Amino acid sequence: MQTSDRQNQQLKIAARGALVGIVVYLIISSLKLGAAYFFHSASLRADGLNNLTDIISSILIFIGLRIARKPADEDHYFGHSKFEPLASFATSLIMFTVGLEVIKSSAERFIAQDYPTPDLQALWVGLAASVILLVTQRYIHYLAQQTQSMGLKASAKDLFSDFLTTLATMVAIAASSLGLAWLDILTALIIGAIILHTAYT
């Protein structure tokens, strides 16, 4: 009984972490996609779409954790803990679809040599997002160690990857202002590949 109570408490903490992830990614993806539209940055758009998949990922993990907390019944004699891996699998499928879209749209612009120069104000959005991502990553990593949640461990890894991706996006935007506008599109392509790789792993 004690083990069951402890597991339930761990799942509750993990669900709280997933909820934090949903809120953070909702804020960051909205900021990035809005800034990408107004400041004409393909890499920031790709980065924002990447974070959009993370919202879906966090929601599915949250639902999976909530279901996993349900006690065993006649249809699920050993409980519902297997729902968390299923949520992770569904997330991978969504990320794969978004990754393909980012690569397709970026490749078309790269081939057409459609290289708009992003406004440098987009850098401020990138800076704010990178700080938020790093702080959140440390918090989720802490919860993952406490609960040994597979979903939260994956989320912490993804948050750090998103932090590095945002830094790369900022470099691309800065380089574009120096006459290397094509680098913004190329970075968007790379981000698309990163999304696909994350979905696969």
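Laboratory data are not the source of any read-out in this text; all were calculated from the coordinates shown. Model, not experiment: these values are computed from the prediction. A quick note on method: Cβ atoms are made from the backbone with ideal geometry, for glycine too, and the neighbour counts reach across all protein chains shown.
Pop the C-beta distance of residue 148 and residue 56 into the FRET formula with R0 = 35 Å and round what comes out to the nearest 0.05.
E between residue 148 and residue 56, to the nearest 0.05, is 0.90.
Based on other C-beta atoms within 10 Å, arrange 47, 119, 158 from fewest to most.
Placing the least packed residue first, the sequence is 119, 158, 47.
Is the shape of region 117-201 rounded, prolate or oblate, going by the alpha carbon gyration tensor and its root eigenvalues a ≥ b ≥ c, with a/c under 1.5 for rounded and a/b larger than b/c for prolate?
In terms of gyration-tensor shape, oblate.
Lys pairs in the chain, Cα-Cα under 17 Å, at least 8 apart or on separate chains: how many?
Going through the chain pair by pair, I get 5.
Using only helices, what value at 222 nm comes out for the chain when you add -39,500 (n - 2.57) per DSSP H run of length 4 or more and divide by the total residues, to the nearest 500 deg cm²/dmol?
-29500 deg cm²/dmol
Relative to the longest principal axis of the chain, what angle (0 to 90°, nearest 10) does the C-alpha long axis of helix 122-147 take?
That helix lies at roughly 20 degrees to the long axis.
To the nearest 10 degrees, how steep is helix 83-111 against the longest Cα principal axis of the chain, on a 0 to 90 scale?
Tilt of helix 83-111: around 10 degrees.
Karplus couplings for region 164-180 from phi (6.51 cos²θ - 1.76 cosθ + 1.60, θ = phi - 60°), rounded to Hz, Gly and Pro as x?
5, 5, 5, 4, 5, 4, 5, 5, 5, 5, 5, 5, 4, 6, 9, x, 10
Once you order the gyration tensor axes a ≥ b ≥ c over the Cα atoms, which shape class does region 106-160 get: rounded for a/c under 1.5, otherwise prolate or oblate by comparing a/b with b/c?
In terms of gyration-tensor shape, oblate.
Report which label in (i) 11.6; (ii) 20.5; (iii) 10.9 holds the value of mean projected area of the Cα convex hull in nm² derived from the coordinates of this structure.
(iii)
Give, as ranges by residue number, the residues of region 124-165 whose backbone N falls under 17 Å from the point 7 Å along Cα→Cβ of residue 90.
Residues 150-152, 155 qualify, since their backbone N sits under 17 Å from the label point.
Helix 42-68 versus the longest principal axis of the chain: what angle, 0 to 90°, nearest 10, using Cα atoms?
For 42-68 against the chain, the angle is about 0 degrees.
Read phi for every residue in region 7-16 and hand back ³J(HN,Hα) as whole Hz from Karplus 6.51 cos²θ - 1.76 cosθ + 1.60, θ = phi - 60°, with x for Gly and Pro.
4, 5, 5, 5, 5, 5, 5, 4, 5, 5
State the answer as a single residue: which of 137, 165, 127 lies farthest towards the positive end of the charge dipole of region 103-189, with beta carbon charges of +1 for Lys and Arg and -1 for Asp and Glu, about the Cα centre.
Checked the options; the winner is 137.
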